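Structure first, then comments.
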Amino acid sequence: MKNFVIDWTDKFIAAQTASARWEVSQQIFAEIGGCAINTGILECQSRSLNWFQGSMRSDWMEHYLAQEYHLIDPFVSHLSRSATPIEGLCGEASRDQVGSDEELHLNWELQDAGYGYMLGMSFAGDTAGTRKFVTFCSSENASRLKKTEFSERIRIAATLVAAFQDSLELGEEPVYFPSHPDTPLSEREREVLHHLSQGRQNTQTAFEMGIAEITVRKHLSSARRKLGARTREEALARAMRANLLDI
């Protein structure tokens, strides 16, 4: 196990760019049985993504975001507030085990997309009120993985990814918030971006607009997709540059 730590630490140190480190992140997860990795920074209070990148199938990620599954994903909810690992078996949940029909659909659709087992860990973020998450995805079942030194290796691998991996620049990797310039922002999307420009948190925006906080998050998520932005702050900057807001 000592050689495992040393070898992969050396590979991360030798990688000079975020893109090169992303290759190493995918390689270390592949060595322990993973077929994909997701990582990013979560705002603890709003559960919004500061940045995100993943190597899951692009068609699955586009579907995941189109369905706004990140708003009800139990992994997102758990990892935004806890350092305790969370694991899930895809395609094995029943209605009485989950909080909503949407969670049930998510669990079974992950299996349809070719994923059998997922394990997520989170670590303190670079700034107060944030957490950095790393999610291991495998097409293997959990019992087969755990016949090896999996538990110790995944802990080490996730810790290394959290320590070394930073956000890719747009264009280095397929972006999961693709731009749709011909799709105009709705009135509500422009309104939530306006509130964001005034420095308001989602809870304040929800109160001012008379809507639920989850609805604010949905409008921000939709605006990010239309503007091709990874974060709500980037969406605001792009909307302002395009003179889409009355500020």
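With respect to F75, determine if the residue is under 14 Å from the mean Cα position of the chain (by Cα), among the aromatic types (F, W, Y) and under 17 Å from Y117 (Cα atoms). Before you say what the answer is, go through the steps one by one.
Working: under 14 Å from the mean Cα position of the chain (by Cα): yes; among the aromatic types (F, W, Y): yes; under 17 Å from Y117 (Cα atoms): yes.
The answer is yes for F75.
Before we move on, is G40 in contact (Cβ under 8 Å) with a residue 24 or more places away in the chain and over 14 Å from the mean Cα position of the chain (by Cα)? So G40 fails the test.
The selection criterion, being at pLDDT 80 or above, of a type in the set (A, V, I, L, M) and over 15 Å from G33 (Cβ atoms), does not hold for L168.
For the stretch 27-130, give me every one of the strands (runs of 3 or more DSSP E) that falls completely inside it and has 1 or more residues that are over 30 Å from L196 (Cα atoms).
36-43, 86-89, 117-124
Of all the numbered requirements in (1) surrounded by fewer than 17 Cβ atoms within 10 Å (Cβ to Cβ); (2) farther than 26 Å from Y64 by Cβ; (3) at pLDDT 90 or above, N3 misses one, and that requirement is (3).
Considering only the stretch 34-41, I want to know if a residue exists there that is over 18 Å from S221 (Cβ atoms), crowded, with 19+ Cβ neighbours inside 10 Å, aliphatic (A, V, I, L, M) and modelled with pLDDT of 90 or more. Yes, there is a match, as at least one residue in the stretch 34-41 is over 18 Å from S221 (Cβ atoms), crowded, with 19+ Cβ neighbours inside 10 Å, aliphatic (A, V, I, L, M) and modelled with pLDDT of 90 or more.
Apart from one condition, F207 fits all of (1) assigned to a helix (DSSP H, G or I); (2) under 20 Å from C44 (Cα atoms); (3) in contact (Cβ under 8 Å) with a residue 40 or more places away in the chain; the exception is (3).
Here's a check for you: in the stretch 128-142, which residue that is hydroxyl-bearing (S, T, Y) and touching a strand residue (DSSP E or B) at 6+ places or on another chain (Cβ under 6 Å) is modelled with the highest pLDDT?
Taking the stretch 128-142 and keeping what is hydroxyl-bearing (S, T, Y), we get 130, 135, 138-139.
Pick out the ones that are also touching a strand residue (DSSP E or B) at 6+ places or on another chain (Cβ under 6 Å) and you get 130, 135, 138.
Details: T130: 88, T135: 96, S138: 93.
In this case the residue turns out to be T135.
The values are calculated or read from the model by the stated rules, or taken from the named source; none is laboratory data. Since we're looking at a predicted model, the values are computed, not measured. Counting neighbours? That spans all protein chains shown, and the Cβs are built from the backbone with ideal geometry, glycine included.
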